[in-house]
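Chemist: Here it is: the structure, laid out below.
The values are calculated or read from the model by the stated rules, or taken from the named source; none is laboratory data. Keep in mind that what you see is a predicted model, and the values were worked out from it rather than measured. Cβ coordinates were reconstructed from backbone atoms using ideal geometry, including for glycine residues, and neighbour counts include every protein chain displayed. When the accessible area is computed, the model is the full protein with side chains, heavy atoms only, and any ligands, DNA or RNA have been set aside. Shrake-Rupley method; radii C 1.70, N 1.55, O 1.52, S 1.80 Å.
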Amino acid sequence: KEGITVAELAKKLHREPAKLVKDLFMMGVPTNQNQSLGSDEVEIILAEYGVEAEQEVVVDPSDFDHYFEEAEASQDGLVSRPPVVTIMGHVDHGKTTLLDYLRKANVTEGEAGGITQHIGAYQVKSDDRLVTFLDTPGHAAFTTMRARGADVTDIVVIVVAADDGVMPQTVEAINHAKAAEVPIIVAVNKIDKPTANPQRVMQELSEYGLISEDWGGDTIFVEISAKFGQNVDELLEMILLVADVEEYQASSDRLALGSVIEARLDSSKGPIATLLVQHGTLHTGDSLVVGDTHGRVRVMADDSGRRIKTAGPSTPVEITGLQASPEAGDRFVVFEDEKTARAIGEERASRAQERRRQVTHHVTLDNLFETL
Ligand code: GTP
Ligand code: MG
């Protein structure tokens, strides 16, 4: 007879087999420990013990959370991946200058003329190791992205100008980084200036719990000049040191999952999205759903505009081939075939439309109240 033995069921229910035999006997089912039980008998026992039979989990294919949760929990085919670093700080403290220096100093040979197009994410190579930098347009964008589920940053570098010190947006950046629960590296910038006072910056930051190792804390501080490149290599080294400790990993052999860094509509190419691959490998020709839209990866380019066919974890890419322009912070999921991607994309689009309709309805009600 098929089924489960009394002993096996007892084990599953964390009961003594003898106790289960006795209880079954009291219910008018004489058995012994090796006897198989049918589903009717099992059901009676479960009901008696108040245990709910495990229900099949119904997964909503349009809900992206479980794809990411499953990928994060999986130990399958893990490979180490580059850290994803976001640079934040107060206005004019030198974020763009630092990013520019990092890029220029690392532009691959043969790329005379440098990079013209602006893209929101790029990779820098140091000692044959890659670091992915995100050039978030502002702190609000960072928060919006996180609110939309795109927790893409591994490390935050906070730039503080040594001639200006801690300012409101510095504090904002610290709070964002703390909320994201990621390691913070402080880059004390503009140390080439005669009015630079790095000690004051350290003093001010200590009030926000960022205490340098020299002062007995555990925050990494690097004094740099983004303009002249002084100690920028050291900053990169520190980033790689954090990466060594954290051991960032992801699977490279699954259908790709990731987030939108930015997107725009090109008059001739259509929607162009900068995506960050977080799990798996993205291929040209892949069918995917991005936010509330879908499509196929028609052309894929790396951060310097070169066409590529595949992109693994932590790689930023630009793609064309989407039906509509997604938004920064939207997530993307690749599906096995175009049909599935289209069905899920359309389902998500109609749900988004429904949400917008409800919001509009809400606003109308509010307006009504205001006029009363
Ligand atoms: P926002 O994008 O407006 O928030 O500013 P930002 O943080 O990107 O600052 P940005 O890199 O644009 O630099 C602001 C000014 O500071 C520019 O004139 C830079 O040339 C100058 N600057 C940046 N880093 C340094 C530095 O290390 N030394 C000196 N002397 N000037 C710097
Ligand atoms: Mg800037």
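Chemist: If you fit an axis through the alpha-carbon atoms of helix 39-49 and take the longest principal axis of the Cα set of the chain, what angle between them do you get, 0 to 90°, nearest 10?
Modeler: Value to nearest ten degrees: 70.
Chemist: In whole Å and largest first, what semi-axes does the C-alpha gyration tensor of the range 193-271 yield when each eigenvalue is scaled by 5 and square-rooted?
Modeler: 36, 21, 14
Chemist: Same structure again: Under a straight-distance cross-link criterion of Cα-Cα below 16 Å, which aspartates and glutamates are reachable from Lys19, leaving out those fewer than 8 residues away in the same chain?
Modeler: Glu8, Glu41, Glu48
Chemist: For a quick check, take a GNM of the chain with Cα springs below 10 Å and name the residue from Asp163, Asp302, Asp244 with the largest mean-square fluctuation.
Modeler: Sorting by GNM fluctuation, first place goes to Asp244.
Chemist: At q = 0.15 Å⁻¹, what log₁₀ I(q)/I(0) does a Debye calculation on the Cα points of the chain give, no solvent, two decimals?
Modeler: Relative scattering, expressed as log10 I(q)/I(0), comes to -1.22.
Chemist: So, one more: Hey, could you get me the Stokes-Einstein D for the range 156-197, Kirkwood radius over alpha-carbon pairs, 10 °C and 1.306 mPa s, rounded to whole µm² s⁻¹?
Modeler: Rounded to a whole number, D works out at 148 µm²/s.
Chemist: Let me ask something else. Suppose R0 equals 41 Å. What FRET efficiency, 1/(1 + (r/R0)^6) with r the Cβ-Cβ distance, do Asp60 and Ser80 give to the nearest 0.05?
Modeler: Using R0 = 41 Å, I get an efficiency of 0.80.
Chemist: Put a dot 7 Å past each Cα toward the Cβ at Lys125 and Asp244; how far apart are the dots in nm?
Modeler: Placing both labels 7 Å beyond Cα along the Cβ direction yields 2.1 nm.
Chemist: PRE reach from Glu43 (point 7 Å along Cα→Cβ): which of the range 10-35 fall under 17 Å by backbone N?
Modeler: Only 29 fall inside the zone, counting backbone N under 17 Å.
Chemist: Another question, if that's okay. Extension gain Met26-Asn175, at 0.36 nm per residue separation less the Cα-Cα distance, in nm?
Modeler: Between Met26 and Asn175, full extension yields an extra 47.4 nm.
Chemist: Then there is this: How far apart, in nm, are two points set 7 Å out from the Cα along the Cα-to-Cβ line at Arg306 and at Ser350?
Modeler: About 4.4 nm separates the two model spin labels.
Chemist: From the residues Pro83, Val317, Met27, which one has its Cα farthest along the dipole of the chain in the positive direction, the dipole being from +1 and -1 charges on Cβ of Lys/Arg and Asp/Glu about the Cα centre?
Modeler: Towards the positive end, the residue furthest out is Val317.
Chemist: Let me check against my output: what whole-number percent is the relative contact order of the range 180-237, with C-alpha pairs under 8 Å and at least 6 apart?
Modeler: The value is 37 percent.
Chemist: How much length, in nm to one decimal, is gained on full extension between Ser206 and Glu70, taken as 0.36 nm per residue of separation minus their Cα-Cα distance?
Modeler: 45.1 nm
Chemist: Another question about this same structure. Rounded to the nearest percent, how much of the accessible area of the range 221-335 (1.4 Å probe, protein heavy atoms only) is carbon and sulfur?
Modeler: 44
Chemist: Run a plain Debye calculation on the range 210-330 (Cα atoms as equal point scatterers, no solvent) and give log10 I(q)/I(0) at q = 0.10, 0.13, 0.18 Å⁻¹, rounded to two decimals, same order as the q list.
Modeler: -0.44, -0.66, -0.91
Chemist: Would you list which lysines come within 27 Å of Lys22, measuring only between C-alpha atoms, while excluding same-chain residues fewer than 8 positions from it?
Modeler: Output for Lys22: Lys1, Lys11, Lys12.
Chemist: Counting only other residues whose beta carbon sits under 12 Å from that of Ala10, what net charge do I get with K and R as +1, D and E as -1?
Modeler: In short, +2.
Chemist: Sticking with this structure for a sec: So between Thr340 and Thr195, what do we pick up on full extension, going 0.36 nm a residue minus the alpha carbon distance?
Modeler: 46.2 nm
Chemist: Residues of the chain: accessible area per residue at 1.4 Å, in Å²? Intermediate values should be presented prior to the final figure.
Modeler: Working: 20190 Å² over 372 residues.
In whole numbers, the chain has 54 Å² accessible per residue.
Chemist: Sticking with this structure for a sec: Which whole number in µm²/s is D for the range 229-288 by Stokes-Einstein, with the Kirkwood Rh taken over Cα pairs at 4 °C and 1.567 mPa s?
Modeler: Here the translational diffusion coefficient equals 89 µm²/s.
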